[in-house]
Amino acid sequence: MQRSESMPPWLEAPWRRLQERRTGDRMPHALLLAGPGGVGKALFARELAEALLCTAPRSDGRACGACRACRLIDAGSHPDLFRLEPIEGRAIPIEGVRALREVLALRSQYGGWRIAWIAAAERMTSAAANALLKTLEEPGPQSLLLLVSDRPDLLPATVRSRCQRLVLPIPPRAQALGWLAGREEVTEAERWLTLAGGAPFAALERIRSGAVDPRPELVQDLAAIAAGRADPLVAAERCAARGAADSLRWISSCVMDMIRLRCCRQPVALRNPDLREPLQRLAAGCPPERLFHYLDRLNAGGREAQSSINDQLLLEDVLIAWHELAAGDCGARGGIRR
């Protein structure tokens with residue numbers, strides 16, 4: 001990760017709180033950085049590791065970026081910083097945690113902090129999490145165990161209870177849009193931020209990767225299922241290819257807009273204003289109470305997507321539920337042929 005010239009504005013307050021603990025000699029031995037994906041947890045973790053290892057920190061507590069320690073971090077070779085993360089989407093095995101424990105058991109080579117950073121900590125196997133407990137229970141002096149997680153609820157309670165938690169939430173929309181607007185490569189910031197669920201770094205990653213907006217095709221699939229022209233199982237395959245969690249979030253966003261269109265007499269602001277017309281047509285034949293029930297199912301599916309071992313089955317269940325909703329009361333849109 002490249003060194004950041006300035007801290008994103010929504011991270012400044014949590015950074016100050018942590019610096020107050022540091023200057024008051026109250027740094028925790030284990031810190032759980034939690035929050036949705038794409039809000040900047042990895043950046044914050046790196047900033048913290050750099051600041052603790054830097055030999056000439058700035059007045060705001062951030063690293064200088066020029067000392068030997070900072071150069072070693074940039075090169076990925078600082079001996080007092082150990083980073084553990086899943087490889088190719090796999091779980092974090094017990095062997096990785098054992099290696100981490102060995103590093104923390106050694107003396108600092110530079111006479112300062114020793115830091116172990118676990119990215120996507122919720123991906124640890126049960127055996128790995130259990131192996132971590134001893135380090136959490138018996139921390140060495142000037143050692144920091146830094147756990148970063150999009151889903152801290154998936155960590156064992158025994159691990160969570162031994163960490164101090166710092167939550168980095170989705171920032172205010174205006175703040176996120178202002179930050180995105182300051183990047184030269186960003187166009188249509190509002191649309192991409194919506195696609196990313198309000199997470200600025202996730203939006204920026206989509207823009208830089210040349211991603212295509214999947215929502216129009218997704219709404220077409222919903223309309224085709226409602227009209228009996230598409231198989232929910234085939235549509236589920238396309239959703240799985242886009243990512244289960246993202247697809248469920250986008251469908252939820254569309255259903256919330258459909259509820260607004262059905263329940264509000266006056267023109268209403270939508271989450272997907274560019275899709276107003278097709279969503280209006282979809283909403284026209286669907287009673288609001290059924291849409292509310294379906295939204296509950298989508299929310300449950302979003303939670304399941306984080307731990308599901310079979311995204312395809314989960315998405316099939318969700319789209320079959322849409323099929324059944326449409327068959328029950330959206331028949332005016334064409335009905336589902338059985």
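The values are calculated or read from the model by the stated rules, or taken from the named source; none is laboratory data. All figures in this text were calculated on a predicted structure; none of them were measured in a lab. With ideal geometry, Cβ positions are generated from the backbone for all residues, glycine too; neighbour counts draw on all protein chains shown.
Odds and ends about this structure:
- Verdict on S108 being out of contact with any Lys or Arg (no Cβ under 6 Å at 6 or more places or on another chain), assigned by TED's automatic domain parsing to the domain that holds P57 and among the hydroxyl-bearing types (S, T, Y): no
- Cross-chain or 6+ apart pairs with Cβ under 6 Å, segment 204-218 first and free of Cβ contacts under 8 Å to residues at least 60 places away in the same chain and under 15 Å from E188 (Cα atoms), then among the hydrophobic types (A, V, I, L, M, F, W, C) and in a helix (DSSP H, G or I): R206/W192; I207/W192
- Once segment 156-186 is narrowed to residues that are of a type in the set (G, A, S) and farther than 14 Å from L145 by Cβ, the residue that is modelled with the lowest pLDDT is G182.
- Among the helices (runs of 4 or more DSSP H) confined to segment 82-181, the ones with at least 2 residues that are touching a Gly at 6+ places or on another chain (Cβ under 9 Å) are located at 94-105, 173-181.
- Among the residues of segment 57-103, those identified as of a type in the set (G, A, S), surrounded by fewer than 16 Cβ atoms within 10 Å (Cβ to Cβ) and closer than 22 Å to A129 by Cα are G89, A99.
- Where S247 falls short, out of the listed (1) crowded, with 23+ Cβ neighbours inside 10 Å; (2) modelled with pLDDT of 95 or more: (2)
- Any hit, segment 311-320, residues being at pLDDT below 90, of a type outside the set (A, V, I, L, M, F, W, C) and assigned to a helix (DSSP H, G or I): yes
- Given (1) assigned to a helix (DSSP H, G or I); (2) touching a strand residue (DSSP E or B) at 6+ places or on another chain (Cβ under 7 Å); (3) at pLDDT below 95, number of the condition A42 does not satisfy: (3)
- Residues in segment 205-240 that are surrounded by fewer than 17 Cβ atoms within 10 Å (Cβ to Cβ) and under 18 Å from the mean Cα position of the chain (by Cα): E205, R208, S209, A211.
A quick yes/no check of all residues on (1) in a helix (DSSP H, G or I); (2) closer than 24 Å to V97 by Cα:
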residue	(1), (2)
L11	yes, no
R21	yes, no
R26	no, no
E47	yes, yes
G65	no, no
P79	no, yes
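- Scan of segment 49-63 for residues that are farther than 17 Å from L166 by Cβ and part of a helix (DSSP H, G or I), ordered by number: L53
- Looking only at residues of segment 263-283 that are modelled with pLDDT under 90 and assigned to a helix (DSSP H, G or I), we find that the one that is surrounded by the fewest Cβ atoms within 10 Å (Cβ to Cβ) is P273.
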